[in-house]
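See structure below.
The values are calculated or read from the model by the stated rules, or taken from the named source; none is laboratory data. In this text, all values refer to a predicted model and were calculated from it rather than measured experimentally. Neighbour counts are summed over all protein chains in view; Cβ atoms, including those assigned to glycine, are modelled from backbone coordinates with ideal geometry.
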Amino acid sequence: MIVMKFGGTSVQDAKAINRAAEIVEGRLKERPIVVVSAMSKVTDSLLAMGKAAGGGDRKSALRMARALRERHYETAGELLGTALFTEFHGELGADFEDLDELLRGIAAVGEITPRTYDYVASFGEVLSSKIVAAAFAGRGLPGMHVDSRQCLLTDNSFTRAIPQFEETNERLLKKVQPLVDAGKVAVMGGFIGSTRNGITTTIGRGGSDFSAAIFGAALHADRIEIWTDVDGMMTTDPRLCPDARRIKVISFDEAAELAYFGAKVLHPATVLPAIQQNIPVFVLNSQNPTCEGTKVTARAPRCSNIFKAIAVKKKITLVEIAAPRRLLVQGYLKSIFEVFDKHEVAVDVVSTSEVSVSVTAETNESIPALAADLAKLADVKYEGRKAIVCLVGENLRDTAGIAAKVFGLLEDIKIRMISQGASEINLTFVIEEDAAADVVRRLHKAFFAEADPEVFA
Ligand code: ADP
Ligand code: ASP
Ligand code: MG
């Protein structure tokens, strides 16, 4: 069997869903299950509704919910035609009533908790999976909606809940495998799960890729396909650099580094369940389905280029923590990272000296409070509007003089931090956000003007 995951843009409207259906039709004999994200931008708008309601702005929340309802009705109507849509309308309507009621409840309390955020966010995938399943059935594809929350068991760390693999695998084998065996196409929402008590959870933004890998690993898939809106993993974000080239084959490790440092085309954790079982993952373009995409495999092929790709992550804050002569005191670093932990601020790049520790984190509203707490331990400065640039490639491991080549191209750029990841396959540095686009284009031009035809398209 295979897993086919369609991201937000690949199910963004009736046209996209029909295209996805055609792609699935072409692979029926490989016994697919389908995993879908919410329609594009829906998760953002659900979270905005939750926030508005939590701030007591009931009217705006309900207005946004109304717009969301209309978009989904319109899509379903277009896909199903009047007769089928009339049948299906009640089911969608009930979900939207639930959403409205939930928003009213949140507004009445005037507060939104992570648990409630997850419930609000889950509507995106619940709705898209129902619509896609109905659309498949409407065109004679044997689509069957399966509520992922009944399969994906997680802990209760809301907004980034941790999957409980053993039991999830058992549930998938019990609920989904028989459908595959019977020639049905299970259609499931990504991103959502539930706790043992049946409380809805989500597994982190961009998590539908992860869901696809979890389902694929449980059902021993021959392949996992991530269908998105670009031709595959590219040598850099094509939105930033139009010369970006498609990477034909990349290793799990390289893909994971890239994803971690901003190539959001593939969710970082995606690779884990797939690596463990050596299941190849393909990144493919639903708007250009005959393109071969990118194959992510356990081992990278030989490549004559030093790097496979350049990732960029913007909206980074640099935190500098200085504590003269105290760094060597045992437990000092631990106490610093405990503060990050307490504020739930995830750290990307770290560098230390005797007197200071520099750390980068995604810019977010917890940083001022974090800095205030850190200030109890040391002198703290923080600066936003930074970007992390990360060059990735397995050849970094055993090629000399690479840093000189990279930084030689950037003599006029102020570099704030440099790190060569412990994995030895990335070279990462921090610059001003405004310089990021130019830096990436320069590096891309230098390192990819000639590209190994075995690896790059
Ligand atoms: P989906 O909704 O299908 O999950 P995402 O928006 O999460 O899609 O990811 C696809 C986007 O990732 C692309 O549109 C592209 O702009 C961006 N991206 C960033 N870096 C890369 C890269 N190296 N290769 C391909 N896409 C990239
Ligand atoms: N819809 C979720 C998000 O926007 C999950 C996903 O798209 O993978 O984060
Ligand atoms: Mg994504």
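Annotations
- Within segment 5-118, helices (runs of 4 or more DSSP H) holding 2 or more residues that are over 26 Å from the mean Cα position of the chain (by Cα) and touching a residue at least 60 places away in the same chain (Cβ under 8 Å): 58-109
- Ala186 being more than 17 Å from the chain's Cα centre (by Cα), within 11 Å of ligand 1 (Cβ to nearest atom) and of a type in the set (Gly, Ala, Ser): no
- Looking only at segment 247-278, and only at residues there that are surrounded by fewer than 21 Cβ atoms within 10 Å (Cβ to Cβ) and charged (D, E, K, R), the one that is modelled with the lowest pLDDT: Lys264
- Out of Asp229, Asp237, Asp222, one residue alone is more than 16 Å from ligand 2 (Cβ to nearest atom) and closer than 21 Å to Ala20 by Cβ. It is Asp222.
- Conditions (1) more than 15 Å from ligand 1 (Cβ to nearest atom); (2) assigned to a loop (DSSP other than H, G, I, E, B); (3) surrounded by 24 or more Cβ atoms within 10 Å (Cβ to Cβ): number failed by Asn197: (3)
- The single condition from (1) of a type in the set (D, E, K, R); (2) free of Cβ contacts under 8 Å to residues at least 40 places away in the same chain; (3) in contact with a Ser or Thr (Cβ under 6 Å, 6 or more places away or on another chain) that Lys376 fails is (3).
- When segment 193-212 is limited to residues that are touching a Leu at 6+ places or on another chain (Cβ under 7 Å) and touching a residue at least 60 places away in the same chain (Cβ under 8 Å), the one that is farthest from ligand 2 (Cβ to nearest atom) turns out to be Ser211.
- Test for Ala361: is it in contact with a Ser or Thr (Cβ under 6 Å, 6 or more places away or on another chain) and not in a helix (DSSP H, G or I): yes
- Segment 201-225, residues that are part of a helix (DSSP H, G or I) and more than 7 Å from ligand 1 (Cβ to nearest atom): Phe210, Ser211, Ala212, Ala213, Ile214, Phe215, Gly216, Ala217, Ala218
- Residue check for Thr228: within 12 Å of ligand 1 (Cβ to nearest atom), farther than 30 Å from Lys29 by Cβ, modelled with pLDDT of 95 or more and surrounded by 22 or more Cβ atoms within 10 Å (Cβ to Cβ): no
- Evaluation of Val283 against (1) under 25 Å from Ile418 (Cβ atoms); (2) under 16 Å from the mean Cα position of the chain (by Cα) (one fails), failing number: (1)
- Pairing each residue of segment 167-192 that is in contact (Cβ under 8 Å) with a residue 24 or more places away in the chain and part of a helix (DSSP H, G or I) with any residue that is surrounded by 16 or more Cβ atoms within 10 Å (Cβ to Cβ) and of a type in the set (Gly, Ala, Ser), provided the two are 6+ apart or on different chains, yields C-beta distances under 8 Å for Thr168/Gly193; Thr168/Ala218; Asn169/Ala217; Asn169/Ala218; Leu172/Ala218; Leu173/Ala218; Leu179/Ala186; Val180/Ala186.
- Residue-level check: of (1) closer than 30 Å to Arg442 by Cβ; (2) not in a strand (DSSP E or B), Ala311 misses just (2).
- Among the conditions (1) over 24 Å from Gly81 (Cβ atoms); (2) surrounded by fewer than 21 Cβ atoms within 10 Å (Cβ to Cβ); (3) of a type in the set (D, E, K, R), Arg139 misses just one, which is (1).
- In a residue-by-residue description of segment 307-314, the property of being more than 19 Å from the chain's Cα centre (by Cα), touching a residue at least 60 places away in the same chain (Cβ under 8 Å), surrounded by fewer than 24 Cβ atoms within 10 Å (Cβ to Cβ) and away from ligand 3 (no atom under 16 Å from the Cβ) applies to no position.
For (1) in contact (Cβ under 8 Å) with a residue 60 or more places away in the chain; (2) farther than 12 Å from Val312 by Cα, each residue gets a yes or a no:
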position	(1), (2)
Thr399	yes, yes
Ile413	no, yes
Arg416	yes, yes
Gly421	yes, yes
Thr428	yes, no
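- Candidates Phe191, Phe215, filtered to the one that is buried (at least 24 other Cβ atoms within 10 Å of the Cβ) and at positive phi: Phe191
- Among the residues of segment 180-221, those that are more than 16 Å from ligand 3 (Cβ to nearest atom) and of a type in the set (Val, Ile, Thr) comprise Val180, Val185, Val187, Thr195, Ile199, Thr200, Thr201.
- Restricting segment 253-288 to residues that are of a type in the set (S, T, N, Q) and assigned to a helix (DSSP H, G or I), the residue that is nearest to ligand 2 (Cβ to nearest atom) is Thr270.
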